[in-house]
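Report on the structure given below.
The values are calculated or read from the model by the stated rules, or taken from the named source; none is laboratory data. The structure displayed is predicted, hence computed values, not measured ones. Glycine gets a Cβ as well: all are built from the backbone with ideal geometry, and neighbour counts include every protein chain shown.
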Amino acid sequence: MIQSPLSRWIDTALAIAYPEQCQLCEQHSATATQGYVCRSCQKSLRPTKPPWCHQCGLPVSANQPPDAPCLNCRDTDRQFHQARAAFTAQGPMREIIHRYKYDQHEFFEPLLKQCCLQATLPSPTTYTALIPIPLHPTKERERGFNQADRLAAFFAELFDIPINAGLLKRVRFTETQTHLSRSQRLRNLRGAFVCSNSTCEGRFLLIDDVMTTGATASAAAHALKKAGAQQVDVLTLARALPF
Ligand SMILES: [Zn+2]
Ligand SMILES: [Zn+2]
């Protein structure tokens, strides 16, 4: 790959801060433009592949009829239309996202940007705007940034869709949901989002880093639809698998 003078300069500057070593396996060499993840660790990242649930994008077994919703979707009233993810949130991808989000390991960003290129849009529609799923302002202050904003910027460039970051607001602070069941998550998120415009007609694509049960995306989609959105889809970098 031919490097621009700027990216060579960034490589040099970062090499002073971090040794040119893979930050996952700490064995092989990796550069700043690789997001400090070596080739062999990058090979172990798993893009999602069909067959998947046509609604939530969860990979399903090949025996499942193509248009049947997965078990999760069958007994949940999902407020979004369709969701897709570029990768499964397993092994190294899980670790990268976790460290990016909670430890501010922003050096992973060049790799995350590359990973976004693997994404496909959930449905063949013309989206009005991408909407990064907002954090509560208190949480965003604590964390220093919203990872969904950064990913939305990558997807906006890739798909040439504008971002509307101000349309959706997170008005209720919710504790981390990692240890909650799906029904607890749904209860926890009730009323967490509101639309800043009383009318927001259009087709929107919600962006987030990981979708787990889909409860957050569903609550966000509910707020948009209540304000008049015709369709809300979801695109995430990764999808947590329930097995
Ligand atoms: Zn490695
Ligand atoms: Zn599903």
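Right, GLN104: within 22 Å of ARG185 (Cα to Cα) and more than 16 Å from ligand 2 (Cβ to nearest atom) or not? Here the answer is no, as GLN104 does not meet what is asked.
In the range 177-196, the residues that are at negative phi reach residues that are modelled with pLDDT under 75 and assigned to a loop (DSSP other than H, G, I, E, B) with C-beta atoms within less than 7 angstrom, at least six apart or across chains, in these pairs: ARG185/GLN177; ASN188/GLN177; ASN188/LEU180. Pairing each residue of the range 92-108 that is under 15 Å from THR212 (Cβ atoms) with any residue that is in a helix (DSSP H, G or I) and not basic (Lys, Arg), provided the two are 6+ apart or on different chains, yields C-beta distances under 6 Å for LYS101/GLN147. Filtering the range 91-98 for residues that are under 12 Å from the mean Cα position of the chain (by Cα), in a loop (DSSP other than H, G, I, E, B) and modelled with pLDDT of 95 or more leaves an empty set. When the range 51-65 is filtered for residues that are closer than 16 Å to GLN82 by Cβ and either away from ligand 2 (no atom under 13 Å from the Cβ) or in contact with a Lys or Arg (Cβ under 9 Å, 6 or more places away or on another chain) (or both), the ones remaining, listed by number, are TRP52, GLN55, CYS56, GLY57, LEU58, PRO59. Considering only residues in the range 51-63 that are crowded, with 19+ Cβ neighbours inside 10 Å and touching a residue at least 40 places away in the same chain (Cβ under 8 Å), the one that is nearest to PRO242 (Cα to Cα) turns out to be LEU58.
If the condition is being of a type in the set (S, T, N, Q) and under 19 Å from the mean Cα position of the chain (by Cα), then the range 45-71 contributes THR48, GLN55.
Taking the condition part of a loop (DSSP other than H, G, I, E, B) and within 23 Å of THR216 (Cα to Cα), does ARG78 pass?
Details: part of a loop (DSSP other than H, G, I, E, B): yes; within 23 Å of THR216 (Cα to Cα): yes.
Judged against the criteria, ARG78 is a match.
Of all residues in the range 23-42, those that are without any contact (Cβ under 8 Å) to a residue 24 or more places away in the chain and away from ligand 2 (no atom under 16 Å from the Cβ) have Cβ atoms under 6 Å from Cβ atoms of residues that are in a loop (DSSP other than H, G, I, E, B) and of a type in the set (Gly, Ala, Ser), 6 or more apart or on another chain, in CYS38/ALA30.
Residues in the range 20-63 that are part of a helix (DSSP H, G or I) and in contact with a Cys (Cβ under 8 Å, 6 or more places away or on another chain): SER40, CYS41.
Restricting attention to the range 64-109, the residues that are exposed (fewer than 14 other Cβ atoms within 10 Å of the Cβ) and among the acidic types (Asp, Glu) add up to 4. Of the strands (runs of 3 or more DSSP E) contained entirely in the range 126-243, those carrying at least 3 residues that are buried (at least 18 other Cβ atoms within 10 Å of the Cβ) and not aliphatic (A, V, I, L, M) fall at 203-211, 231-239. Exactly one residue out of CYS56, CYS38 is in contact with a Gly (Cβ under 8 Å, 6 or more places away or on another chain) and either hydrophobic (A, V, I, L, M, F, W, C) or on the phi > 0 side of the Ramachandran plot (or both), and it is CYS56.
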